[in-house]
Amino acid sequence: SSKITSESLQKYIDEISGLPKGNGWSPSSDLYLYKGFWFYPHFLPGAMYARDHFQAQPNDIFLCSPMKTGSTWLKSLSFLIATRSSKFDDSTGPLRTMVPHDCIPFLEFGEYYSTPTGPKTPLFASHLPYTCLPKSIIDSGCKIVYLCRDPKDTYVSLWHYFRNALASMKPGQEDMFVSIEEGFEYFCNGVSSQGPYWDHVLGYWKASLERPQKILFLKYEDMKMETEACVKKLAEFFGCPFSIEEERDGIVQEIIKFCSFESLSNLKVNKTGKQMRGDQSMENSLYFRKGKVGDWRNYLSAEMGERLDNIMEEKLSGSGLTF
Ligand code: A3P
């Protein structure tokens with residue numbers, strides 16, 4: 001569905017081949033350092049094409065997040081908030097039959113060139129760091145929601161995701177994937193998809209301080225603890241706050257319930273559906289693992305946790321942001 005021509009694709013492949021390389025956690029791919037962040041190469045042609053061609057409209061809204069911080073959940077909630085009608089009916093909506101990622105396209109995967117099948121929304125998603133977003137998004141004053149998560153849980157989720165994706169797409173190769181200890185070393189050194197993690201978070205954090213009306217900064221842990229407050233905040237931020245009638249009719253609760261981990265992960269499309277990734281198919285169930293806060297304790301030692309906390313504290317010191 002992408003409109004990247006083979007000519008410009010070749011230009012981007014050439015550009016990528018000139019970038020510094022880093023360990024990609026498995027023999028199947030390296031990471032490439034682009035504008036100070038590490039990326040798997042399949043992210044980059046779309047990001048570069050968007051850099052060169054994406055024209056944001058002032059009303060576009062971007063849902064930005066590093067991988068594994070709750071993007072799927074944020075997409076589902078945002079989609080329902082933005083497309084709800086006065087009579088909310090969760091039995092027929094696109095989220096019943098489409099994985100949330102197909103309801104809101106990723107800027108950097110080129111899908112935004114195709115005609116959307118579901119209801120039209122002003123929503124886009126991106127894993128790109130703030131400084132890698134196409135210039136027109138900033139120039140047009142678009143609203144941005146940023147979601148991040150405790151780095152320890154993010155790391156554990158990331159490690160499982162890539163390992164399971166490898167097992168799903170290239171069975172057997174997961175044995176060559178880094179151990180959870182080795183991957184942790186890379187993560188702590190900033191060598192992870194869209195890493196350094198702290199720089200990703202800091203970029204949006206600083207921007208949100210400079211332009212608080214345009215950038216809503218959220219944490220996964222807050223979304224878990226205060227889901228209702230976050231959902232209302234999102235609706236207000238999108239410019240479509242819940243009316244008194246909607247609140248009275250329980251629409252907020254219905255949206256929250258529909259998007260809960262239990263509900264979403266048990267939908268047939270998310271349980272048994274598959275998505276094509278290039279010429280390989282990947283199970284949608286990989287987007288749903290546990291959905292818990294603090295699961296890192298089951299995989300990392302207390303010392304490892306403390307070490308990553310210390311790194312974050314040092315990197316974020318003076319910013320006013322803590323985890
Ligand atoms: P865990 O691996 O810790 O379970 P992303 O959507 O950015 O890829 O992030 C994935 C993480 O969000 C996974 O975390 C996944 O289980 C969790 N998740 C997915 N859907 C969720 C939901 N509806 N509510 C809460 N967490 C969810």
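The values are calculated or read from the model by the stated rules, or taken from the named source; none is laboratory data. Fair warning: this is a prediction, and the values are worked out from it, not measured in the lab. Note that each Cβ is placed from the backbone with ideal geometry, even for glycine, and that neighbours are counted across all protein chains shown. Note: accessible area is taken over every heavy atom of the protein model, side chains too, but ligands, DNA and RNA are not part of it. Shrake-Rupley method; radii C 1.70, N 1.55, O 1.52, S 1.80 Å.
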Calc'd 3J(HN,Hα), the stretch 245-252, phi into Karplus 6.51 cos²θ - 1.76 cosθ + 1.60 (θ = phi - 60°), Hz, glycine/Pro = x, comes to 5, 4, 5, 4, 7, x, 4, 4
Each label sits 7 Å from Cα toward the beta-carbon; between residue 317 and residue 297 the label points are separated, in nm, by 2.8
With -39,500 (n - 2.57) per DSSP H segment of 4 or more residues and division by the full residue count of the chain, the 222 nm estimate, nearest 500 deg cm²/dmol, is -12500 deg cm²/dmol
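From the alpha carbon gyration tensor of the stretch 162-296, can you work out the equivalent ellipsoid semi-axes (sqrt of 5 times each eigenvalue) and give them in Å, largest to smallest?
Values: eigenvalues 210, 110, 36 Å².
Working from the Cα gyration tensor, I get semi-axes of 32, 23, 13 Å.
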Long-range alpha-carbon pairs in the stretch 180-252, meaning those over 15 Å apart, account in percent for 68
In Å³ per residue, the alpha-carbon convex hull of the stretch 273-323 encloses 149
Taking the convex hull of the alpha-carbon atoms of the stretch 99-217 and averaging its shadow over every direction gives an area in square nanometres of 9.0
Of all DSSP beta bridges having both residues in the chain, the percent classed as antiparallel (nearest 5) is 40
The correct pair for the stretch 151-202, radius of gyration to one decimal and Dmax as a whole number, both in Å and from Cα atoms, is 11.5, 37
Counting only protein heavy atoms with a 1.4 Å probe and every protein chain in place, the carbon and sulfur fraction of the accessible surface of the stretch 198-323 in whole percent equals 49
With x for Gly and Pro, the residue-by-residue ³J(HN,Hα) of the stretch 57-66, computed from phi through the Karplus equation 6.51 cos²θ - 1.76 cosθ + 1.60 at θ = phi - 60° and given in whole Hz, is 9, x, 8, 5, 10, 10, 9, 10, 6, x
Expected max-MSF residue from 161, 204, 130 in the GNM of the chain (alpha carbon, under 10 Å) is 161
With Cα springs under 10 Å, the Gaussian network model of the chain assigns the largest mean-square fluctuation among 60, 309, 249 to 249
Ratio for the chain, C-alpha Rg to 2.2 N^0.38 Å, reads 0.97
Across all Cα atoms of the stretch 242-314, Rg and the largest Cα-Cα distance (Dmax), in Å, are 18.7, 50
Restricting to lysines and to Cα separations under 20 Å from residue 170, and discarding same-chain partners fewer than 8 apart, the set is 271, 274
